[in-house]
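Beneath this line is the structure, given in structure tokens, with notes to follow.
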Amino acid sequence: MQITNLRTNGIKNPLGFQLDRISLSWVTESSEAPSKFQAAAQVEIATDESFSEIIFDSGKREEIDSLAYSPDLLLSPRTRYYWRATVWGDQGDTATSEVSWFETAKMDEGWQGQWITPLLDNETHPLIRRRFHLADEVQSARVYVSGVGLYELEVNGCRVGEEYFTPGFNAYDFWLQYQTYDVTNLLRSGDNAIGIHLGNGMYKGRFGFDGGYHEIYGSKFAVIAEMVVVLRDGSTMVIGTDDNWKCAASPVQFSGIYDGEIFDATKELSGWSTAEFNDHHWTGVAATDLPSETFQARLSLPVLIKEERKPIEVIKTPKGETVLDFGQNMTGWVRFKIQAPKGRKVTLQYGEILQEGCFYRENLRTAKAEYTYISDGDERIVQPHFSFYGFRYVNLIGFADEVKAGDFTGCVIYSDIDETGRIETSNPLVNQLFENAMWGQKGNFLDVPTDCPQRDERMGWTGDAQIFASTAGFNMYSSAFFSKYMHDLREEQRRIGGSVPFIVPSIKPEGENGFVTFNGSAAWGDAATIIPWTLYLHYGDKELLRQQFHTMKDWVDYIKRADDESGAGRLWQVGFHLGDWLALDGDDPSGFMGGTDPYYIASAYYCYSSRLVAKAAAALGDTATAEEYGRLADEIKAAISNEYFTVNGKCAIDTQTALIVALYMDLVPDSYRPRIIEDLRKRLARDEMHIKTGFVGTPYFCHALSDNGASEDAYTLLLNDDYPSWLYAVKLGATTIWERWNSVLPDGEISGTGMNSLNHYAYGSIVEWMYRHMCGINPAEDGAGYKRIHFAPKPDARLKYAKASLYSASGYIESSWKWKADGSLSFTFTVPFNTTAEVTLPDGNLQDVTVNGEKLSDCGMAAEQAGTNTKCELSPGTYLFEYMPARSYFKKIAGSSTVREILSNNQARAMFKQLLPEVDGNSMLLNRVMNLKVEELPSDRLAANFVSPEKIDQLLEKLMQ
Ligand code: BGC
């Protein structure tokens, strides 16, 4: 046995984080060991690494949960706590983990440092420094520091840490974070210096809608720092910010999140943060007041350069531009080597796509997205300090004619989160789609889950975040990342009576500081319920759920008040809702608003969120609240059925999304389901088997189909490669997910500039379906954190194999399937230590299924025939199941294929559309002929009106080839 992945509050060895609750977790790996389950565990916490000063010992206890163990511990400020876990397996073997730690920040301790502001004008970016003397060698040293807009810390000429964009992005007037750094190795006995460099960020630079606002949170640069040094003799010295610090103008002439940065190296003050530097002529600083009650230790994960990429090509464009192609749409910046004559100005402009072979960035709207460097004549390695870009292409202006690709490095920057999930199939386009969603996450998980990283927006849209949250939970270990976001959300929600802003942190119009605008839209506000529940399912941390429960409940209570006040009778029929944003079935297909009644959608989320509150309350053991919100959900469900459905289950709103949410959100009596799924399949047929949904319908579409026995149609949507579809973008070379189904037209032209990002992860939520349905990995609600797994893969003959792997909170999970040459299926499953799984094998006849080469029915495993499926129970281990499915999945396209089958196949559909344009696009006719065999088409009275028998014959002939 081996114990790995020790985390405190979802973070490995957190230094200086807010620890108002402590949740310790770990993973036990035991593939080779005899034990499969934990018999008992023990957690020990000490104040020294060798555990001679143990301050907490749980003792050997059966009930200790590796997903979340909260020791009863009174923490002291500025203290490192070491902890380890010991696990006893059910076969008597045992293992003790490596030592992990967490270190508190200042907690309630007062600050000796004070906020100071440079005595420079508010536009001038400052360098702030102080020299100090240490009388002895250093035993340990920490800096507690924050600065607004953004700060970078240096000690003795070295940049401290590897983080960017500190102190993090949040609504700074509601709470402001400070960071803690270990600077022990940067100090020495004698003279030392500390320096802080400040930039604008969203605090005081341009940020927000329609051109944005300036100075949203404040107009002055300010910084606070406190260095606590313990010397070898045991004495402690504190160096805090005060009016003895000095400042001067930095070489950064301008910085902004949207517009980039200008760095004038001729103004560089070399060695400015060293003790030797002469700061005689520097200006002073003044004490300033920033609210202290909202000042807190960090929750934001570090934002790091997580990957580096070299350009794949240096392009000379038809306009004569020199453009680097990094081959991947990404977020971060380019680091480059330059040696240019003194005073030479070079600029890097960032864009996502070329147009007619030339550099282009009009879809970034007003964001200038550039970096300008003025050379001092020396050779240097250069990178920005206070801005980032969403880009694939970089236009080089002012560089030498022949640039060397090797001088440029694309730095990929995002929050420090581990990748956990992977999907691979036999279809390279589907694999690329998976990569695109993963890159969407990398590009938009920069402290806040943003809509996009490139244009003048880059904001934490709550709708986008909730849509993608579950995919994110599979792809990466996202609990701490989203916990910080939920903290942001809560801070705003508290001020607006339980409602939730469209954007968190929300952007306040000038003059309305402290007031959160734009709030209360269904699907966006439901981030309040969906994200906590999603985190619970993926990570199983009940204390986290308890902490976030108020957010969930307050949101539903807010809606309920709106319902009560409007007298809607358990519907949500008031307010502004963004609806099925960007769906293709609205009055104006190129507009923003989809065709599904926004109040139906609002009522649907009202029901769904009430149900999630009930589930969360039940998970927390609060039965009364669970019943109350369960009843509320039932009442809403009844009201929705009355208002929007006939007694036979026909929906009054004839859109894909209306039917999808009815199924997915359980809005109607079970007896309506067959009718609704049938109507959804008909609707899909009328839409030529193509998706038309926006932000509401898209994430649930394939789930609704697969949950209701129509996985074949879900695969059709996945595998469609013409517009509108996921693979349409992939075929056009997308390396991230686009904002719109047609962000780029088939000829490569961008479809518009108003709202058209090429790195918008919302539609990447199809990846959740790939994990859950294609590969069949599901965390069970009654065993959150993958303590219990439901494997229910749903193979399709259009793929040869599919495989998902997941380093889950409970350990390594794998699920894969493949077709064998004889048409039989084989599945493999890996179930981690101390978990159990239920497997549903589709179309498996219990008598025919083998497991690890033995007959399942004879091998003593709990198994049963459940309708057309075989079900069985798995304990930890790896299993191979094989059987011939009881129905044939393989359908050869032929004359006997139905129109539906033809339209579900990319090649056959192309022929069909070409030869029968009369049918193509004729939604009424399509609906009528959908289930007819192609060879029957001419005999159909209706079809015959439109389609000549000769054309059908031609089609048949082509299909036979
Ligand atoms: C954003 C979205 C967001 C939407 C809602 C857009 O500008 O980019 O992704 O959810 O607005 O209005």
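Observations on the model:
- Residues in the stretch 827-855 that a label on F37 would reach, taking backbone N under 17 Å of a point 7 Å out along Cα→Cβ: 831-839
- Charge sum, other residues only, whose C-beta stays under 14 Å from A286's C-beta, Lys/Arg counted +1 and Asp/Glu -1: -2
- On the chain, 47 percent of the accessible area sits on carbon and sulfur atoms, based on a 1.4 Å probe.
- Rounded to whole Å, the principal axis extents of the Cα atoms in the stretch 863-912 read 49, 22, 15, largest first.
- The stretch 777-883: C-alpha pair distances exceeding 17 Å, %: 50 percent
- Leading residue at positive end of dipole, the chain (Cβ point charges), from C247, W461, Y213: W461
- Size of electric dipole in the stretch 10-69: Cβ of Lys, Arg +1 and of Asp, Glu -1, about Cα centre, debye, nearest 20: 200 debye
- Taking 21 Å as the limit for the C-alpha separation, the pairs K12/K542; K818/K891; K442/K818; K692/K794; K692/K803 exceed it in the case of K442/K818; K692/K794; K692/K803.
- Where trypsin sites (Lys or Arg not before Pro) fall in DSSP loop in the stretch 879-940, at most 11 other Cβ within 10 Å: R887, K892
- Mean-position separation - Cα centroids, the stretch 9-40 and the stretch 596-613, in angstrom: 36 Å
- Residue-span extension gain [K958 to E362] - 0.36 nm each, minus C-alpha spacing: 210.2 nm
- The modelled label-to-label distance for the pair D670/S751, using points 7 Å beyond Cα in the direction of Cβ, is 4.0 nm.
- Beta bridges from DSSP with both residues in the chain: antiparallel share about 90 percent, rounded to the nearest 5.
- Between V403, T366, T347, the Cα set farthest toward the positive side of the dipole of the stretch 303-415 (charges on each charged residue's Cβ, about the Cα centre) is that of T366.
- The C-alpha atoms of the chain define a longest principal axis, and helix 462-475 lies at about 80 degrees to it.
- If you take all other residues with their beta carbon under 11 Å from the beta carbon of D554, and give Lys and Arg +1 and Asp and Glu -1, the sum is +4.
- Straight-distance crosslink candidates among aspartates and glutamates, where the alpha carbon sits under 20 Å from K871 and sequence neighbours closer than 8 are dropped: D707, E781, D782, D796, E814, E838, D843, D848, E854, D858, E882
- Additional length obtainable on full extension of the chain from Q91 to D210, 0.36 nm per residue less Cα span: 36.4 nm
- Label-to-label distance for R495 and D654 is 4.7 nm, based on points extended 7 Å past Cα in the beta-carbon direction.
- Pairs of Cα atoms nearer than 8 Å and 6+ residues apart set the relative contact order; for the stretch 626-697 it is 31 percent.
- Charge dipole (debye, nearest 20) of the chain; +1 at Cβ of Lys and Arg, -1 at Cβ of Asp and Glu: 1180 debye
- Theoretical FRET efficiency, 1/(1+(r/R0)^6), r = Cβ-Cβ of A894 and K820, R0 35 Å, to 0.05: 0.90
- Percent RCO, i.e. relative contact order, over the stretch 777-883, from Cα pairs under 8 Å lying at least 6 residues apart: 25 percent
- Legend: P(r) of the chain from all alpha carbon pair distances, 20 Å bins from 0, whole percents, reading 13, 42, 35, 10, 1.
- Histogram of C-alpha separations across the stretch 385-521, 5 Å bin width, %: 2, 8, 16, 17, 16, 14, 11, 8, 5, 3, 1, 0
- By the Kirkwood approach, averaging reciprocal distances over each pair of separate Cα atoms, the stretch 520-693 gets a hydrodynamic radius of 16.7 Å.
- Nearest 10 degrees, 0 to 90: helix 428-444 Cα axis against the chain principal axis: 30 degrees
- In the full protein context, the stretch 300-342 carries 43 Å² of accessible surface per residue, based on a 1.4 Å probe and ignoring ligands, DNA and RNA.
- A Förster distance of 45 Å, applied to the separation of the beta-carbon atoms of V238 and E308, puts the FRET efficiency at 0.75.
- Percent RCO, i.e. relative contact order, over the chain, from Cα pairs under 8 Å lying at least 6 residues apart: 9 percent
- Computed extension length for E543-S76: 166.0 nm, one decimal, from 0.36 nm per residue of separation with the Cα-Cα distance subtracted.
- Global size of the stretch 659-717 as Cα Rg and Dmax, reported in angstrom: 10.4, 29
- Total formal charge among the other residues, if their Cβ is under 13 angstrom from that of S30, Lys/Arg +1 and Asp/Glu -1: -3
- For the chain, the longest piece that avoids every one of the chymotrypsin sites (Phe, Trp or Tyr not before Pro) found in DSSP loops with at most 11 other C-beta atoms within 10 Å covers 1-514.
- The angle separating the long axis of helix 698-707 from the principal Cα axis of greatest extent in the chain is about 50 degrees.
- Dipole of the chain [Lys/Arg +1, Asp/Glu -1 at C-beta], most positive-end residue of M227, G260, Y723: Y723
The values are calculated or read from the model by the stated rules, or taken from the named source; none is laboratory data. Just so we're clear, the structure is a prediction, and the values are computed from it rather than from any experiment. Quick reminder, even Gly has a Cβ in these numbers, built from the backbone with ideal geometry, and neighbours come from all protein chains shown. Calculation scope for accessible area: heavy atoms of the full protein, side chains included, ligands and nucleic acids excluded. Shrake-Rupley method; radii C 1.70, N 1.55, O 1.52, S 1.80 Å.
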